[in-house]
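Enquirer: My structure is below; once you've seen it, I'll send some questions.
The values are calculated or read from the model by the stated rules, or taken from the named source; none is laboratory data. For clarity, every value in this text was computed on a predicted model and none was experimentally measured. Cβ placement follows ideal geometry from the backbone for every residue including glycine, while neighbour counts extend to all protein chains displayed.
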Amino acid sequence: MLSFYPGPSKVYPESLGYIAEAYQSGVLSINHRSPAFEALMQDTLDRLHKQWQIPQDYRLYFVSSATEAWEITLYSLVKAQSLHAHSGAFGKKWAFYAQHWSPKAHAFAFDVQHALKDQWNGLPSAAGQADLWCLVHSETSNGSLCSIQRSDLPMAPEALLAVDATSSLGGMQLPWEQADVWLASVQKCLGLPAGLGLMICSPKALERAQALGRRDRYNSLLLLDENHQKFQTHYTPNVLGIYLLNRMQHQLPSLDKVHEETLKKQQNWRDFWQGMDLPFAYLVEDAALQLPTVLALKAEAPWVEGLLTYAQQQGITLGKGYGPWQGNTLRIANFPQHTWDDIEQLQTIIQQYRHEI
């Protein structure tokens, strides 16, 4: 079965060999306080900084998932109130849990069809005083892309910016210095089995965490950072996930080249749908706001269900719609691990579906 589901999705086939390699070499049995793990951790961090061009003063931490990173960020960095601007289901969930953690958290829903920078008129005045702003760069639920640019945000100068890049990290270049926290999981653009998350934090984020000094919960950014300095993790980590991430990043081209290939594939899909005589259109109408790594297409429910079922019968899994778009959209992952041959196979099946209906 070939999966174009937008996460978990297709896993790099090389992972199978690396899993066997990890078992045979004893990596799966190492203690996470041992020199062997510390060496693996250091090499992985060094590789990611180089491969993704992360600023050297930003620190990278491993956690279990991006959703866990939501809570670590809120607990460790909010002084008084956070603001959550969202246009889709995952950003809305982050806001929902933030409001349970802190009644002062603000949620600001914006229209997916328009850029966030053009929609601040509806923002409550009190929300402008939030000390932590939370955005979703790549909204998996609807295939929308949010530009991350501090100058576009009516933030107080001392406010921090946290960004969920779960469906873009590893597939697109990110403007690291525009945000203080980037968070993601590995089961999407990184092409690995689920169960590992990443947080990438700026010096300003660490300064805020140190000033607040919150240590009464285990998932504290301070505890993550203390262990990071020893090339360890604060809890027993997913060693296999870290090992697979390490091995794949030593094999893959640099992120700027991956980004270029992602955009070429996105344009190929745009050309394909434009030439197809099927009643599908992109859910996000403005091409500049369409997420390159998750393609969300809308149609009447029978058409959506028909294509999902037909593709499944041919051995390909597509993504169903999510949240309010559940019945009338489908989603297609456009991740780096999806090869041109994979795309051609899926496009051929869609063409067959067109001829059979």
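Enquirer: List, please: which pairs have Cβ atoms under 6 Å, are six or more places apart or on different chains, and start with a residue in the stretch 25-52 that is without any contact (Cβ under 8 Å) to a residue 60 or more places away in the chain and end with one that is outside any helix (DSSP H, G or I)?
Expert: From the stretch 25-52, the pairs are 36/30.
Enquirer: Here's something else I'd like to know. If we keep just the residues of the stretch 71-96 that are hydroxyl-bearing (Ser, Thr, Tyr) and not in a helix (DSSP H, G or I), which is nearest to residue 325 (Cα to Cα)?
Expert: Across the stretch 71-96, the extreme among qualifying residues is 87.
Enquirer: Quick one: which residue in 98, 126, 107 is at pLDDT below 95, surrounded by 20 or more Cβ atoms within 10 Å (Cβ to Cβ) and either farther than 24 Å from residue 234 by Cβ or touching a strand residue (DSSP E or B) at 6+ places or on another chain (Cβ under 9 Å) (or both)?
Expert: 98
Enquirer: So which residues in the stretch 132-153 are closer than 16 Å to residue 107 by Cβ and either acidic (Asp, Glu) or part of a loop (DSSP other than H, G, I, E, B) (or both)?
Expert: Within the stretch 132-153, 139, 141, 146, 153 meet the criteria.
Enquirer: Within the stretch 312-324, can you find the residues that are surrounded by 13 or more Cβ atoms within 10 Å (Cβ to Cβ) and either modelled with pLDDT of 95 or more or of a type in the set (Ser, Thr, Tyr) (or both)?
Expert: If the condition is that a residue be surrounded by 13 or more Cβ atoms within 10 Å (Cβ to Cβ) and either modelled with pLDDT of 95 or more or of a type in the set (Ser, Thr, Tyr) (or both), then 314, 316, 317, 318, 319, 320, 321, 322 are the ones that fit.
Enquirer: Picking from 262, 329, 309, which residue would you name as being loosely packed, with under 14 Cβ neighbours inside 10 Å and hydroxyl-bearing (Ser, Thr, Tyr)?
Expert: Selected residue: 309, the only one of 262, 329, 309 that is loosely packed, with under 14 Cβ neighbours inside 10 Å and hydroxyl-bearing (Ser, Thr, Tyr).
Enquirer: Now a separate question. All but one of (1) touching a residue at least 40 places away in the same chain (Cβ under 8 Å); (2) buried (at least 24 other Cβ atoms within 10 Å of the Cβ); (3) out of contact with any Asp or Glu (no Cβ under 9 Å at 6 or more places or on another chain) hold for residue 177, so report the exception by its number.
Expert: If we test residue 177 against (1) touching a residue at least 40 places away in the same chain (Cβ under 8 Å); (2) buried (at least 24 other Cβ atoms within 10 Å of the Cβ); (3) out of contact with any Asp or Glu (no Cβ under 9 Å at 6 or more places or on another chain), just (2) comes out false.
Enquirer: Check 223, 183 and return the single one that is part of a helix (DSSP H, G or I) and either in contact with a His (Cβ under 8 Å, 6 or more places away or on another chain) or surrounded by 15 or more Cβ atoms within 10 Å (Cβ to Cβ) (or both).
Expert: Answer to the selection: 223.
Enquirer: Still on this structure, please answer the following. For residue 278, all conditions in the list (1) more than 20 Å from the chain's Cα centre (by Cα); (2) more than 30 Å from residue 38 (Cβ to Cβ); (3) in a helix (DSSP H, G or I) hold save one; what is the number of the exception?
Expert: (3)
Enquirer: Exactly one of these conditions fails for residue 171: (1) free of Cβ contacts under 8 Å to residues at least 40 places away in the same chain; (2) out of contact with any strand residue (DSSP E or B) (no Cβ under 8 Å at 6 or more places or on another chain); (3) surrounded by 19 or more Cβ atoms within 10 Å (Cβ to Cβ); (4) not polar (S, T, N, Q). Give me its number.
Expert: (1)
Enquirer: May I pose another question? Out of all the residues in the stretch 226-259, which are free of Cβ contacts under 8 Å to residues at least 24 places away in the same chain, surrounded by fewer than 19 Cβ atoms within 10 Å (Cβ to Cβ) and either at positive phi or not in a helix (DSSP H, G or I) (or both)?
Expert: 229, 235, 253 - these are the residues of the stretch 226-259 that are free of Cβ contacts under 8 Å to residues at least 24 places away in the same chain, surrounded by fewer than 19 Cβ atoms within 10 Å (Cβ to Cβ) and either at positive phi or not in a helix (DSSP H, G or I) (or both).
Enquirer: Looking for something within 19 Å of residue 53 (Cβ to Cβ) and touching an Asp or Glu at 6+ places or on another chain (Cβ under 8 Å) - is there at least one such residue anywhere in the stretch 185-196?
Expert: No, the stretch 185-196 contains no residue that is within 19 Å of residue 53 (Cβ to Cβ) and touching an Asp or Glu at 6+ places or on another chain (Cβ under 8 Å).
Enquirer: Taking residue 68 as meeting all but one of (1) assigned to a helix (DSSP H, G or I); (2) farther than 24 Å from residue 189 by Cα, write down the number of the exception.
Expert: Here residue 68 meets the rest and fails (2).
Enquirer: Here is a further query. Residues in the stretch 287-306 that are under 22 Å from residue 88 (Cα atoms) and surrounded by 15 or more Cβ atoms within 10 Å (Cβ to Cβ): how many?
Expert: Going through the stretch 287-306 one residue at a time, the tally reaches 13.
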